[in-house]
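Worksheet: one structure, shown below.
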Amino acid sequence: MSIESAPVVDRTFSVDGKRVSCRFFRPELDSGSYFCRYEIDWPEGRRSRSVGGVDEVQALLLAMKTAHTDLLAARENDGRSVLWMGQRSLGLPIANSIRDWDADNPF
């Protein structure tokens, strides 16, 4: 997988009052599966992760759910303030197992 590609989508959140960018990259085929890389620029530094799926759409959706989980876990487990456009709902797809962490999310 190429780690030099440009992100295809980017969303900015507020974490503890600081701007935090979350970027998603185009899923790439590797060993028969597609992997979508995402990065979150936390105040402490950038963290990157890849999530796999059977096709590009599934890989992107699962990467968005995983990034959403990372952001919500910072709020739920670490007590951080995590907002999008001044709201608690972050507006990303969410895993059913943590839906109560972002109950107002329409996705």
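Read-outs throughout are calculated quantities, based only on the coordinates presented, and are distinct from any laboratory measurement. The model shown is predicted, which means the values in this text are computed figures rather than measured ones. Ideal geometry is used to build each Cβ from the backbone, glycine not excepted, and the neighbour counts take in all protein chains shown.
I'd like to verify a number: residues in region 8-58 that are of a type in the set (Gly, Ala, Ser), within 27 Å of Arg88 (Cβ to Cβ) and touching a Phe, Trp or Tyr at 6+ places or on another chain (Cβ under 9 Å), how many?
Our first condition is that a residue be of a type in the set (Gly, Ala, Ser); within region 8-58, this holds for 14, 17, 21, 31-33, 45, 48, 50, 52-53.
Imposing the further condition that a residue be within 27 Å of Arg88 (Cβ to Cβ) reduces the set to 14, 17, 21, 45, 48.
Imposing the further condition that a residue be touching a Phe, Trp or Tyr at 6+ places or on another chain (Cβ under 9 Å) reduces the set to 14, 21, 48.
Of the residues in region 8-58, 3 are of a type in the set (Gly, Ala, Ser), within 27 Å of Arg88 (Cβ to Cβ) and touching a Phe, Trp or Tyr at 6+ places or on another chain (Cβ under 9 Å).
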Hey, can you tell me all the residues within region 24-35 that are surrounded by fewer than 19 Cβ atoms within 10 Å (Cβ to Cβ) and either outside any strand (DSSP E or B) or of a type outside the set (Asp, Glu) (or both)? Arg26, Leu29, Ser31, Gly32, Ser33
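Based on this model, can you work out whether Ser5 counts as part of a strand (DSSP E or B), of a type in the set (Ser, Thr, Tyr), farther than 16 Å from Pro93 by Cα and out of contact with any helix residue (DSSP H, G or I) (no Cβ under 9 Å at 6 or more places or on another chain)? Before you say what the answer is, go through the steps one by one.
Numbers: part of a strand (DSSP E or B): no; of a type in the set (Ser, Thr, Tyr): yes; farther than 16 Å from Pro93 by Cα: yes; out of contact with any helix residue (DSSP H, G or I) (no Cβ under 9 Å at 6 or more places or on another chain): yes.
Spelling it out, it is not the case that Ser5 is part of a strand (DSSP E or B), of a type in the set (Ser, Thr, Tyr), farther than 16 Å from Pro93 by Cα and out of contact with any helix residue (DSSP H, G or I) (no Cβ under 9 Å at 6 or more places or on another chain).
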So the check is Cβ under 6 Å with 6+ separation or different chains; which pairs have a first residue in region 7-33 that's under 17 Å from Lys65 (Cα atoms) and free of Cβ contacts under 8 Å to residues at least 24 places away in the same chain and a second one that's β-branched (Val, Ile, Thr) and part of a strand (DSSP E or B)? Ser21/Thr12
State which residue is surrounded by the most Cβ atoms within 10 Å (Cβ to Cβ) when the search covers only region 92-101 and only residues that are in contact with a helix residue (DSSP H, G or I) (Cβ under 7 Å, 6 or more places away or on another chain) and in a helix (DSSP H, G or I). Trp101
Does region 54-61 contain at least one residue that is touching a helix residue (DSSP H, G or I) at 6+ places or on another chain (Cβ under 9 Å), of a type outside the set (A, V, I, L, M, F, W, C) and surrounded by 14 or more Cβ atoms within 10 Å (Cβ to Cβ)? no
Would you pick out the residues in region 36-91 that are part of a strand (DSSP E or B), β-branched (Val, Ile, Thr) and closer than 14 Å to Phe24 by Cα? Ile40, Val51
